[in-house]
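Okay, structure first, notes after.
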Amino acid sequence: MKNSEKNTQKSRKKDRKEMIQYINLQLAALGQPLFTDEKEEGIKLANARFIMLTEGLITSFREKARLLSGHLSPADTRIQNFIDDYLKDTNFNQPYRLPGSTFVLNQPGMAREVSLPPDGNSFQNELVSSYRLKQGILNNPASDKRTTKGTFHIVEGGLPVALDKKEVPKIAFAHMLHHALHPSDEMNILPFTASQKDNAKTMVSLLLRPVVCPEVKGIISEKSMEIRFFAPGSLVSNLDFVETIFGNAGDHNLAENDAALDVEHWTGHTGCIILAPQLTKLKKKDIGLPHYNEASERQRNDGMCWKDENELYNDGGAFKITCRDERGVVVTLIADNYYGYSKKEIKTQISYSANLYGLVEEEHAGGAIAFPCGNMGDNIFGEPFSGKFQNKYSFEEVKKLLAGRIKVMPENYAIDKKYPDIIYIHEHADIDTGTGFISWQHNGQTQKIRLSPQKTYVHPTGHKFRLVKHPEQQLWRIIDTAPEGIFCHKPCTVSGGGKSEISKSMQNAIQYGAFYIQDLEKDSEMVDMLINYDYSHRWKNIYPDARPSRPFLSPHRTLGSAVKLLTQSDQYNDEYNQFLENIPTHVKTLALYIKRMYRTQLDKGPWREYLNVEIVNGRNGNALRYKHNKIMASYVRIGFSPEGKWYIHKLRSDFIPSQKIQMEDDITASITFPANRLNDLNPQYKNKSVKLVANCESYLFQRPDEAIIRGYDKDAEADIVHNDTFLTNYEPLTRQDAIELCDDAIHFDQYTEPVKELVKKVVDGHRDCYFVSPAHTRLVNGIPTNNPRYLQRNLFKNENEATHLAETGIRLFRKINSENPVHFPVNAVLPGRRNNPAEKEKGIRSLSVYNPIHYQEIPELFMDFICSLTGKSPSTTGAGSEGALTKGPFNMLVPTTDLNNALLSYILSEYQGFTSAAGYIGKNKRFDHDISILIPEIWARLEPEDRDAKNLIKNNCLDKLEDFEYEGEKILASRLGYRINKNFAFRCMNKLFDEPLEVFNEKMLHPELQSMEDYADGIKNIVEAQQKVALQYFKEGSIEAAIPPLKILLHIMAYGHYQGKELSDTELRKEFEREHVLQSEWYLERLKLKQEKESAFLARQIQYLKNFMADPNNQLLVTKMDIDARLIKAESQLLFAKSEQYIDSLKGTIGADPLFKK
């Protein structure tokens, strides 16, 4: 073992020992039993002498706590005041006061440590099984997934309860709250002391501050809500889970953590979550629910009554119940400990806070910035490279733009001060892999630095060059990453629709193989023919003023253009298409390889001299070589055959997967702002309002679907075996299992190196321990679960070298001064669908009527979002409608608010919606997430005007779907919008594939060719579901709270018309136009409401600050926390909020929604 590894292990042991001492100290202060560590040998983890020395201090602390036993922290006081007021008219005499003394998880890492006994590797009870792993911790809850059926309950009173939720009487909630706050001693056993006879028995609690509003530098600060999370001691792993994702906001008792004193960053909203699986055992009668004969119609529909006095509430199944109103405090009880419920409830409370606050949305979204990359070959010549940009960029300008951030060296290059592996080079610097140097002229002399694969070289244009070794051969090449990327936002995406996959690198899906030809001499002659062919006669329609066709190897013809030349098209005449038909595929591929090498390497030399084959058994071989090195071709899987075989397609020889900066995964806080308030945006985009986002999660709850295939998902395998990983729904494997895995040499070798190294360490270890293999998911009823999960670190939550490079590249390319921020607004909206074929024997109808990519205008797109239909997903137990914008189940308000905000945001920003398919296309074309990963690569390589929907329609790249009749019935196919065709592949996919037309065949582009019956019924299924969902808004009355454009859509979905007009009516469609909305009275009312909310919030907080300052006990804190400055700033903000200028500043935002109130 290396010394650095030994030192790291020693440091961890020391840190852990200190943490255990701290935990014991806190247990002692609560009067709870400590972990005693009575083993006779080995390192003692607990220090009894330390506890003895602090006994006096602990006794004093206990006495102060006794005297203040009725006192609650500021956050808990806000929650308790709300509960007391909400239930004041309820005839209930049992206590439901929040616990004054819980084991407070006030430091990051405490929850993880107390989830297991320090001297043991496992903890089990009827609800959870936890294991200390070689790579972290495994927690398997009783249920391996969540359900959305009948799960979401809301307490009556306050704001209306949507019809898709169950409305619960206040008396029943009072009973459940009492039981939730008084779990049994067995449930309260803290795993930390479970290995000894004397157990600590306590509830645990945590303070969270999840983000609700993203920071927009220079305009608005990041804002968060406060959430208190309580659980019985034995379920502390749930708090470990949410702490890992959302962070630890510290001790809730300390003034420095009082959100009400943090006016700048608090939304004004408070949440409370109490984990209480014991509630599933409560009987309906016992919690005050009426007999069926005495119940209202809604209570009967919702199951809030009983016929048999032994009936369990919610049939004994999992549920959560929420109590909330417009004041901004929410309390939720969760009667299940599956981890997804805990995370989703925080998501729900963020959404609640966003909807009350205004301006912002909580979105069910994934997303990434994709920076296109390219293979530049062996060398880059700086002067011609700069010439491509009209020599507008210089190293002298870099010095000015990055002044203070870089260290300029005497040789006239620079090193980044924060990340020294980033090097800034001269605009005319040449990069040569042959010599291994970068060289340029300075003061009349040649300067040079070593070319290193550990460093990134930034050109004054913002392009980033790296020396990278080919994954499968001894070949080094220079990879160029473009300065401008495209932010692909994947909102409104159902479970299993590919939110996470849009951020994954395509590299995992790429396979490599030899570049085969048939006969080098004959094939080269055919390539010569293609190179020298006169392409000017290929067009079906030749215009007299057309320019002469560029030669195949012309530097003015791109490789993408060459791909088009060799791809059949309806734009070409029949003779030319037949000519292409007769050229063997491998010859076309060879011609494109020559084109790529000629462009970057051969400098117009005799290309044949560089190519050869080996002599095998006296005959010429078939594996092509370049400069005596074997050429490796790259291939990617795009879909499966009905038999499960992979559809493999060859990528272009210069293709390199985009470099991605993950921006979103599931819980997104977004804000819509007028573009003119933001500096230095990309001028290629014309959106007048833009969306900016923040990922609310520090760790991402990933389901690595492909990781069960050993070696396929390389990133997931590396993550899963990484130190300190939180895993769930995997099998705990032992050292004996590790030995057996190693003995199975053939299958063991399929793992990536990180997994193999972990397994070998377990085998070589002296003591038995548990570990997890990515390929061995948890067995549920003897069957491997399809919902394995782990927490993946969000590498981009905070700045790192990759995000720094991304920002710097843009800063240089757009020439943004150092004092101005670089903004990253959304550029493309790419939602995903989860499509399933029909399973008639199970009563499941088809959803797989979409082809790979559809475009829908806002009205049609939002009808889909309102309904949010989903096929079967491994995350949940069923299929159907997830509700408004796919988070319907996780919305404690009537969904009109979410829909109003989202629809208004899209109208103002004028984003175009292109949706991609996950799962199936048609009845037998399975794709899983292949298209989810592919679509950012396509979009990143297209200019904004080339992927503009209007231009795609104009250029015949999108086919409009029209209504049709099938078996005497009108099928509303127009709801599906437009879909891509062969011409889209020809024009838009030539930058990825040698043969773009072969990626999606006719049955993929036209799913109806697989089964017209299923296609027609699938569309009927969608339309009927849309109608069913829309009618709910009329039934509950919330249609009255819909903004006019939404009201139109709901009428169309429910009844097929609005005031006698169909959706195609131009007057109706005008309601979805930005300028029309900005002039409307209803929009101005939203801005005024936001002004009222902001003014009222600031006035309340100013009074809170004054009250805090007036208390003599707070004088030291007033000085320490600079409360005076906070008060002055709040008063200044209130003055602005009341002004007309504030209203003007809101134009182009979504304002605030008035909410639905009966």
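How many residues does region 962-988 hold that are assigned to a loop (DSSP other than H, G, I, E, B) and under 31 Å from the mean Cα position of the chain (by Cα)?
Filtering region 962-988 down to residues assigned to a loop (DSSP other than H, G, I, E, B) leaves 962-963, 967-968, 972, 977, 981.
After this cut, where a residue has to be under 31 Å from the mean Cα position of the chain (by Cα) as well, the list is 977, 981.
Final tally of qualifying residues: 2.
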Restricting to region 115-150, and then to whatever is of a type in the set (Ser, Thr, Tyr) and surrounded by fewer than 22 Cβ atoms within 10 Å (Cβ to Cβ), can you tell me which residue is farthest from ASN24 (Cα to Cα)? THR148
Considering only residues of region 914-940 that are within 18 Å of the chain's Cα centre (by Cα) and in a strand (DSSP E or B), which is farthest from ALA707 (Cα to Cα)? PHE914
Number of the condition not met by VAL636 [criteria: (1) in contact with a helix residue (DSSP H, G or I) (Cβ under 6 Å, 6 or more places away or on another chain); (2) in the same structural domain as ILE746 (by TED's automatic domain parsing)]: (2)
Working only within region 1052-1087, note down all residues that are in a helix (DSSP H, G or I), touching a Lys or Arg at 6+ places or on another chain (Cβ under 8 Å) and of a type in the set (A, V, I, L, M). LEU1068, LEU1078, LEU1087
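Being part of a helix (DSSP H, G or I) and touching a Ser or Thr at 6+ places or on another chain (Cβ under 9 Å) is the filter; apply it to region 484-541 and report the residue that is nearest to ILE853 (Cα to Cα).
Step one: filter region 484-541 for residues part of a helix (DSSP H, G or I), giving 501-503, 506-509, 520-532, 535-537.
So of that shortlist, the ones also touching a Ser or Thr at 6+ places or on another chain (Cβ under 9 Å) come out as 501-502, 506, 535-537.
Values: GLU501: 16, ILE502: 14, MET506: 18, TYR535: 31, SER536: 32, HIS537: 33 Å.
Out of the qualifying residues, it is ILE502.
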Considering every residue within region 146-167, establish whether at least one is modelled with pLDDT of 95 or more, touching a His at 6+ places or on another chain (Cβ under 9 Å) and either among the charged types (D, E, K, R) or within 29 Å of LEU758 (Cβ to Cβ) (or both). yes
Working carefully through the options ALA940, ALA917, ALA949, find the one that is at pLDDT 95 or above and more than 18 Å from PHE862 (Cβ to Cβ). ALA940
Every residue in region 718-746 that is over 24 Å from GLY109 (Cα atoms) and either part of a helix (DSSP H, G or I) or in contact with a helix residue (DSSP H, G or I) (Cβ under 6 Å, 6 or more places away or on another chain) (or both), please. ARG735, GLN736, ASP737, ALA738, ILE739, GLU740, LEU741, CYS742, ASP743, ALA745, ILE746
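Go through TYR313, TYR341 for me and flag whichever is modelled with pLDDT under 95 and under 22 Å from PRO141 (Cα atoms). Give the steps one after another, and end with the answer.
Values: TYR313 fails: modelled with pLDDT under 95.
Testing whether each residue is modelled with pLDDT under 95 and under 22 Å from PRO141 (Cα atoms) leaves just TYR341.
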Pairs, please: C-beta under 6 Å, at least 6 apart or cross-chain, first residue more than 21 Å from LEU934 (Cβ to Cβ) and in region 996-1014, second of a type outside the set (A, V, I, L, M)? GLU1008/TYR1015; LEU1009/LYS1003; SER1011/LYS923; ASP1014/SER846; ASP1014/LYS923
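Would region 935-943 turn up any residue that is within 26 Å of LYS490 (Cβ to Cβ), small (Gly, Ala, Ser) and touching a Leu at 6+ places or on another chain (Cβ under 8 Å)? Outline the logic, then answer.
Let us first name the residues in region 935-943 that are within 26 Å of LYS490 (Cβ to Cβ), namely 935-943.
Cutting the leftovers down to small (Gly, Ala, Ser) gives us 940.
Next cut, touching a Leu at 6+ places or on another chain (Cβ under 8 Å) only: none.
No - not one qualifying residue is present in region 935-943.
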Taking region 1060-1080 and the residues there that are closer than 13 Å to LYS1147 by Cα and loosely packed, with under 13 Cβ neighbours inside 10 Å, the one that is nearest to the chain's Cα centre (by Cα) would be GLU1075
Can you tell me which residue in region 766-788 is surrounded by the most Cβ atoms within 10 Å (Cβ to Cβ), limited to those that are within 22 Å of ARG146 (Cβ to Cβ) and touching a Lys or Arg at 6+ places or on another chain (Cβ under 6 Å)? ASN787
With farther than 30 Å from LYS455 by Cβ and either touching a residue at least 40 places away in the same chain (Cβ under 8 Å) or touching a strand residue (DSSP E or B) at 6+ places or on another chain (Cβ under 8 Å) (or both) as the only criterion, which of ASN817, ASN723, ASN787 stands out? ASN787
Counting only residues that are touching a strand residue (DSSP E or B) at 6+ places or on another chain (Cβ under 6 Å) and touching a residue at least 24 places away in the same chain (Cβ under 8 Å), how many does region 414-437 have? 12
In the list HIS252, HIS182, which residue meets the criterion of being in contact with a Leu (Cβ under 6 Å, 6 or more places away or on another chain), assigned by TED's automatic domain parsing to the domain that holds THR90 and part of a loop (DSSP other than H, G, I, E, B)? HIS252
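Might you let me know whether region 832-849 holds any residue that is hydroxyl-bearing (Ser, Thr, Tyr), crowded, with 24+ Cβ neighbours inside 10 Å, in contact with a strand residue (DSSP E or B) (Cβ under 7 Å, 6 or more places away or on another chain) and modelled with pLDDT under 80? Break it down stepwise before answering.
Start the filter on region 832-849 by keeping residues that are hydroxyl-bearing (Ser, Thr, Tyr), which leaves 846, 848.
Remaining after also requiring crowded, with 24+ Cβ neighbours inside 10 Å: 846, 848.
Within this subset, residues satisfying the condition of being in contact with a strand residue (DSSP E or B) (Cβ under 7 Å, 6 or more places away or on another chain) are 848.
Among the residues that remain, those that are also modelled with pLDDT under 80 are: none.
For region 832-849, residues hydroxyl-bearing (Ser, Thr, Tyr), crowded, with 24+ Cβ neighbours inside 10 Å, in contact with a strand residue (DSSP E or B) (Cβ under 7 Å, 6 or more places away or on another chain) and modelled with pLDDT under 80: absent.
Given the criterion touching a strand residue (DSSP E or B) at 6+ places or on another chain (Cβ under 9 Å), among the β-branched types (Val, Ile, Thr) and under 30 Å from SER342 (Cα atoms), identify the matching residue among ILE656, ILE671, ILE709.
Details: ILE656 fails: under 30 Å from SER342 (Cα atoms); ILE709 fails: touching a strand residue (DSSP E or B) at 6+ places or on another chain (Cβ under 9 Å).
Being touching a strand residue (DSSP E or B) at 6+ places or on another chain (Cβ under 9 Å), among the β-branched types (Val, Ile, Thr) and under 30 Å from SER342 (Cα atoms) holds for just one of ILE656, ILE671, ILE709, which is ILE671.
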Of the residues LYS991, LYS1047, only one is modelled with pLDDT of 95 or more and either more than 29 Å from TYR920 (Cβ to Cβ) or outside any helix (DSSP H, G or I) (or both); which? LYS1047
Please identify the pairs in which a residue from region 173-200 that is touching a residue at least 60 places away in the same chain (Cβ under 8 Å) and of a type in the set (S, T, N, Q) has its Cβ atom under 9 Å from the Cβ atom of a residue that is surrounded by fewer than 23 Cβ atoms within 10 Å (Cβ to Cβ) and in a helix (DSSP H, G or I), counting only partners at least 6 apart or on another chain. SER184/GLN278; THR193/LEU27
Those residues of region 955-972 which are touching a residue at least 40 places away in the same chain (Cβ under 8 Å) and buried (at least 20 other Cβ atoms within 10 Å of the Cβ) amount to LEU958, ILE971
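The values are calculated or read from the model by the stated rules, or taken from the named source; none is laboratory data. This is a predicted model, so every value here is computed, not measured. Please note: Cβ atoms are built from the backbone with ideal geometry, for glycine as well, and neighbour counts cover all protein chains shown.
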